[in-house]
Every structure is written in C-alpha cells, then in structure tokens.
Amino acid sequence: MPVITEPSALDALRRQDPELAEVILGETARQADGLQLIAAENFTSPAVLAALGSPLANKYAEGYPGARHHGGCEIVDVAERMAVERAKALFGAAHANVQAHSGSSAVLAAYAVLLRPGDTVLAMGLPSGGHLTHGSPANFSGRWFDFVPYGVDPESGLIDLDEVRALARAHRPKAIVCGSISYPRHIDYAAFREIADDVGAHLIADAAHPIGLVAGGAAPNPVPYADIVCATTHKVLRGPRGGMLLCGAELADRVDRAVFPFTQGGAQMHTIAAKAVAFGEASTPAFTGYAHQVVANARVLAAALEAEGFAVTTGGTDTHLVTVDPAPLGDGGSDGGGVDGRTARGRLASAGIVLDTCALPYGEGRGLRLGTAAVTTQGMGETEMARIAVLLSGVVRDAFDGRAVREEVRDLAGRFPPYPGG
Ligand SMILES: Cc1ncc(COP(=O)(O)O)c(C=O)c1O
C-alpha cells in the first residue's frame, strides 16, 4: 500500500498545491532520513494513514452511534462501533469512548466527570514528569483545580508511594492522577488504588505513554484499578493522533457526555476509523511481539548508554522510555562543566538523531528522553540500539566528526525504511 494514500491523490495535490505537496514530501523524507527517538512518536501503518486520508473526513457526526444530531451517519456509526468494541476487547474495559480529539481532551473529559472547579487533585508534579494537564498554571488544569504535586525520589528516580500516601492523607484530594510523560518504570496501579481508597479519592490513570505496551501485554493494565483511564492512540499504540477513555459501566454515560457535548463538538470519523484500524492491528500476535521488542530495545539502549557514561535515571527501564542525564559526559563548554540536555539535544539534532529533553529527578538541569517505539517499528533490534548508544555518546561529547556521524545515521535509517516501497 502506498504511503500517502493513493498516488493519484498525491499527484492531484502536487498539481493543485505544489508548495504544500513539497512540505508533505519533505517531512516524509525527514522522518525516514534520521533516527526518530522522540518517545511520543511512532510510524503508523499505511492502513491507518489510508483511513485518516479517507472521505470519512467529510462527515459531520455529533453524538454517538444510533443517536446522532446529523443525518447520514449510518455508515460511520459502524466504524465507531468497531473502534469501541475493539478497544473494549483489547483493554478488557466495560466501556470505551474513542471520540476524544487528543490525550489532553481525554484528561479534560475525565476531570469533567469526577471533579468540580476548585477541587484538590494529587498528581505527579511537572518538574518530576507530570503532563501539562496535571496542574500546569499554563493549562486549564492548573487554573481550574487545586493541584498538589508528588515527586520522585531524587536518588532512585522512583515514585515514592509513602510520599504519595502522606500527601493524600494530608490534602484529602478528590482525585489522584497516576501517569507521566517520562517515567520509565511500570506504575503500581494497585498501590495507587489502595491509597485512593484510603482517602476516598477517585483514581485517574493517564496511561498515554504505556497504553500501547498494555495492548501488547508488555505493561500492567490500569483498567482494573482506575475509575477512568485516559490515553492517547498515537505513541507506542501506533494509531492516529488522538485520545480515548476507558471506564466501568457505571461511569459510561457520564464519560460520554463529558466528551460530547461538554468538551467537544462533532466526532472526527476519519480518525475514529483509523483508531479502529490501529486497535485491530494491536490485537494481533505481531503487535504483541512488537511491544515486547520495544521494551527489549529500550533495555539494551539504557544499558549501552550507561556503559557510555550517561547517568540512566532509575538505573534502567521497564518500558519504551529511557531518560538519562548527559552531564557526566563532560564537555559542556569552556567552563569544563557537564553537558546539559538542551546542548546535547542540539548536537544530536545536527547528526539527524531526534529526541527530547526532560526533567531530572534531582531537579537540576535537563536530561534527555528517548523512546524506542519508532525505531522498533522500523525493524531495528538490539544490535542497532547498541550502536545508537555509541553514536549518541560520541555526538554529545562532541568527539565525532559531525559529517561522518550524519552519514552513518542516514545509512542506518536507510537500511530500515519506515514505509518500504512508499
Ligand atoms: C501523560 C500524558 N498525558 C497527556 C498527554 C497529552 O496528549 P496530547 O498531546 O494528544 O494532547 C500526553 C502527551 O504526550 C502525555 O504523555
């Protein structure tokens, strides 16, 4: 299957709007030309792209299957029912809402169900790896709710459940949020449930990052423990950019009403169809193998980075995420200090290695956050991870010839095209 839907569609775009067609082709080439280690990204399948680029994008469909505010929804209703049933089966949930436009929209809807403005919420603090929707003053969450942050242990980098319990008892939050943008270890959902029950709080699992590993049986499932699970459908899950919510039957109607009409309008039926395709793919043994390989690759990458001198947060990983402090590598500049995450990211970008910075447990400077979802989709394995660690170290230390590294990165990526024949 060609990558950008039908070649005829691309030809038509080229004729009508060559400037924009160039942008699409340029970005497609950029993605294939380097190492994509951004932990929140992946390469969706051609089937997912086909659904996204389909005429379902034309359909207005406010409401839910069988109860729409627009006519002509009988066919897109089938797509949404398929997405819902597949998500329920994949995650063992009594109810799934697949309309949330994004992970942030899913979190907003979960808060709308369980909270009222001014309520107290306990969540991982942003400096420790919480998401913007976990209480940032720049986000609706920080403006409308009273967030109390928990952190991670500055030495181990691990969530300190005793601290979470003490804060929960002291502040009696209406809800506790577990989930992070950079925590590389499994989250103990049973322990969070127990703490929530102890203080009479709701538990919201924001599983945007691990949900794809959950689908592939490579991470614990929050569904049996959380009142509501929020997630994204991109990242390791490898679907279209979007969100979803999972919950028990008792909250089903309230979750649906919190998405539409409370926080969103019409459902995006092309994206929902693409979510159905992705859930179908994630139900296969091939995806289970993929999810486990993502974790195996991350473990090799973490160990190899440690051997190169990076300080690996929490000493390793259980997931697709690896977070490291590059400071021990030195050569941060004329003062002889350690290299900071931002400087390291810039050097790596010049070499075609694309990743993010992240917070560090001890709160000083920035670290690097890497993810193995995209490179694993490309078919890279443990040999490639070990080599990537060497390249990272050489580039961050500014010890390699930039042009030679760029060529090696290009060659490595070229051997694993994300869309063979695309
Ligand atoms: C934990 C967590 N929650 C929410 C989100 C928000 O997702 P989106 O960018 O789709 O709004 C993310 C995105 O990375 C995330 O990691």
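Can Leu203 be described as open to solvent by less than 10 Å² (accessible area, probe 1.4 Å), within 30 Å of Ala50 (Cβ to Cβ) and away from the ligand (no atom under 13 Å from the Cβ)?
On the way: open to solvent by less than 10 Å² (accessible area, probe 1.4 Å): yes; within 30 Å of Ala50 (Cβ to Cβ): no; away from the ligand (no atom under 13 Å from the Cβ): yes.
No, not satisfied.
Quick test for you: out of Ala175, Ala170, pick the one residue that is more than 14 Å from the ligand (Cβ to nearest atom), open to solvent by 40 Å² or more (accessible area, probe 1.4 Å), over 22 Å from Cys358 (Cβ atoms) and not β-branched (Val, Ile, Thr). Walk me through how you get there before you give the answer.
Details: Ala175 fails: open to solvent by 40 Å² or more (accessible area, probe 1.4 Å).
Result of the check over Ala175, Ala170: Ala170.
Quick check on region 330-348. Is at least one of its residues of a type in the set (S, T, N, Q) and at pLDDT 95 or above? Step through it out loud before you land on a result.
Going residue by residue through region 330-348, those that are of a type in the set (S, T, N, Q) are 334, 343.
Right, trim to at pLDDT 95 or above and you get none.
For region 330-348, residues of a type in the set (S, T, N, Q) and at pLDDT 95 or above: absent.
May I ask you to verify whether Glu80 is more than 26 Å from the chain's Cα centre (by Cα) and among the acidic types (Asp, Glu)?
Against the criterion (more than 26 Å from the chain's Cα centre (by Cα) and among the acidic types (Asp, Glu)), Glu80 does not qualify.
Anything in region 375-400 that is in a loop (DSSP other than H, G, I, E, B) and open to solvent by 10 Å² or more (accessible area, probe 1.4 Å)? List them, or say none.
To start, the set of residues in region 375-400 that are in a loop (DSSP other than H, G, I, E, B) comprises 378-381, 397-400.
Scanning region 375-400 gives Gln378, Gly379, Gly381, Arg397, Asp398, Ala399, Phe400.
Scan region 38-49 and tell me whether some residue there is within 23 Å of Gly103 (Cβ to Cβ), open to solvent by 30 Å² or more (accessible area, probe 1.4 Å) and in a helix (DSSP H, G or I).
Yes, region 38-49 contains a residue that is within 23 Å of Gly103 (Cβ to Cβ), open to solvent by 30 Å² or more (accessible area, probe 1.4 Å) and in a helix (DSSP H, G or I).
Just one of Pro154, Pro184 is buried (at least 23 other Cβ atoms within 10 Å of the Cβ) and either over 21 Å from His95 (Cβ atoms) or within 12 Å of the ligand (Cβ to nearest atom) (or both); which is it? Don't jump to the end; show me each part of the working.
Numbers: Pro154 fails: buried (at least 23 other Cβ atoms within 10 Å of the Cβ).
Criteria check complete, one pass: Pro184.
Here are some conditions: (1) on the phi > 0 side of the Ramachandran plot; (2) within 16 Å of the ligand (Cβ to nearest atom). Gly66 meets all but one. Which one does it not meet?
With respect to (1) on the phi > 0 side of the Ramachandran plot; (2) within 16 Å of the ligand (Cβ to nearest atom), Gly66 is out only on (2).
Counting just the residues of region 252-274 that are under 18 Å from Ala94 (Cα atoms) and in contact with a helix residue (DSSP H, G or I) (Cβ under 6 Å, 6 or more places away or on another chain), which one comes out nearest to the ligand (Cβ to nearest atom)? First the steps, then the outcome.
We begin by selecting, within region 252-274, every residue under 18 Å from Ala94 (Cα atoms); these are 252-259.
Still in the list and also in contact with a helix residue (DSSP H, G or I) (Cβ under 6 Å, 6 or more places away or on another chain): 254-255, 258-259.
Values: Arg254: 20, Val255: 16, Ala258: 16, Val259: 14 Å.
Residue satisfying both the conditions and the ranking: Val259.
Tell me whether region 3-14 contains one or more residues that are touching a strand residue (DSSP E or B) at 6+ places or on another chain (Cβ under 6 Å) and either in a loop (DSSP other than H, G, I, E, B) or open to solvent by 50 Å² or more (accessible area, probe 1.4 Å) (or both). Step through it out loud before you land on a result.
Of region 3-14, the ones touching a strand residue (DSSP E or B) at 6+ places or on another chain (Cβ under 6 Å) are none.
No - not one qualifying residue is present in region 3-14.
From Thr372, Thr288, Thr323, Thr314, grab the single residue that is of a type outside the set (A, V, I, L, M, F, W, C), farther than 21 Å from Val405 by Cα and buried (at least 24 other Cβ atoms within 10 Å of the Cβ).
Numbers: Thr372 fails: farther than 21 Å from Val405 by Cα; Thr288 fails: buried (at least 24 other Cβ atoms within 10 Å of the Cβ); Thr314 fails: buried (at least 24 other Cβ atoms within 10 Å of the Cβ).
Thr323 is the lone residue from the list that is of a type outside the set (A, V, I, L, M, F, W, C), farther than 21 Å from Val405 by Cα and buried (at least 24 other Cβ atoms within 10 Å of the Cβ).
Checking Pro137 against (1) closer than 30 Å to Gly239 by Cβ; (2) free of Cβ contacts under 8 Å to residues at least 12 places away in the same chain: exactly one of these is not met. Which one?
(1) is the only condition that Pro137 fails.
Okay, residues lined up against (1) of a type in the set (D, E, K, R); (2) not in a helix (DSSP H, G or I):
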| residue | (1), (2) |
| --- | --- |
| Gly71 | no, yes |
| Ala79 | no, no |
| Glu85 | yes, no |
| Gln99 | no, yes |
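Within region 221-237, work out how many residues are part of a loop (DSSP other than H, G, I, E, B), in contact with a helix residue (DSSP H, G or I) (Cβ under 6 Å, 6 or more places away or on another chain) and more than 11 Å from the ligand (Cβ to nearest atom). Step through it out loud before you land on a result.
Pass one, region 221-237, residues part of a loop (DSSP other than H, G, I, E, B): 221-227, 233-234.
Within this subset, residues satisfying the condition of being in contact with a helix residue (DSSP H, G or I) (Cβ under 6 Å, 6 or more places away or on another chain) are 221-223, 225, 233.
Within this subset, residues satisfying the condition of being more than 11 Å from the ligand (Cβ to nearest atom) are 221-223, 225.
Count: 4.
Kindly evaluate Ser141 against the criterion of being within 12 Å of the ligand (Cβ to nearest atom) and open to solvent by 20 Å² or more (accessible area, probe 1.4 Å).
Criteria not met by Ser141.
Okay, residues lined up against (1) among the basic types (Lys, Arg); (2) farther than 30 Å from Arg68 by Cβ; (3) open to solvent by less than 20 Å² (accessible area, probe 1.4 Å); (4) modelled with pLDDT of 95 or more:
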{"residue": "Val214", "(1), (2), (3), (4)": "no, yes, yes, yes"}
{"residue": "Asp227", "(1), (2), (3), (4)": "no, no, no, yes"}
{"residue": "Arg238", "(1), (2), (3), (4)": "yes, no, no, yes"}
{"residue": "Ala249", "(1), (2), (3), (4)": "no, no, no, yes"}
{"residue": "Ala252", "(1), (2), (3), (4)": "no, no, yes, yes"}
{"residue": "Gln268", "(1), (2), (3), (4)": "no, no, no, yes"}
{"residue": "Thr271", "(1), (2), (3), (4)": "no, no, yes, yes"}
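Only one of (1) within 16 Å of the ligand (Cβ to nearest atom); (2) over 16 Å from Ala110 (Cα atoms); (3) buried (at least 24 other Cβ atoms within 10 Å of the Cβ) fails for Ala282. Which number is that?
If we test Ala282 against (1) within 16 Å of the ligand (Cβ to nearest atom); (2) over 16 Å from Ala110 (Cα atoms); (3) buried (at least 24 other Cβ atoms within 10 Å of the Cβ), just (1) comes out false.
Gly341 passes all but one of (1) within 27 Å of the chain's Cα centre (by Cα); (2) surrounded by fewer than 24 Cβ atoms within 10 Å (Cβ to Cβ); (3) among the small types (Gly, Ala, Ser); which number fails?
Going through (1) within 27 Å of the chain's Cα centre (by Cα); (2) surrounded by fewer than 24 Cβ atoms within 10 Å (Cβ to Cβ); (3) among the small types (Gly, Ala, Ser) one by one, Gly341 breaks only (2).
Applying the selection to region 89-133, what residues are within 15 Å of the ligand (Cβ to nearest atom), open to solvent by less than 10 Å² (accessible area, probe 1.4 Å) and either on the phi > 0 side of the Ramachandran plot or out of contact with any Cys (no Cβ under 9 Å at 6 or more places or on another chain) (or both)?
The answer is Val98, Gln99, Tyr111, Val121, Gly125, Gly129, Gly130.
In region 339-388, which residues are among the basic types (Lys, Arg) and in contact (Cβ under 8 Å) with a residue 24 or more places away in the chain?
Arg342, Arg347, Arg366, Arg369, Arg387, listed by residue number.
The values are calculated or read from the model by the stated rules, or taken from the named source; none is laboratory data. The shown structure was predicted, so the numbers you read here are calculated from the model rather than taken from an experiment. Heads up, the Cβs are rebuilt from the backbone with ideal geometry, glycines too, and the neighbour counts pull from every protein chain shown. When the accessible area is computed, the model is the full protein with side chains, heavy atoms only, and any ligands, DNA or RNA have been set aside. Shrake-Rupley method; radii C 1.70, N 1.55, O 1.52, S 1.80 Å.
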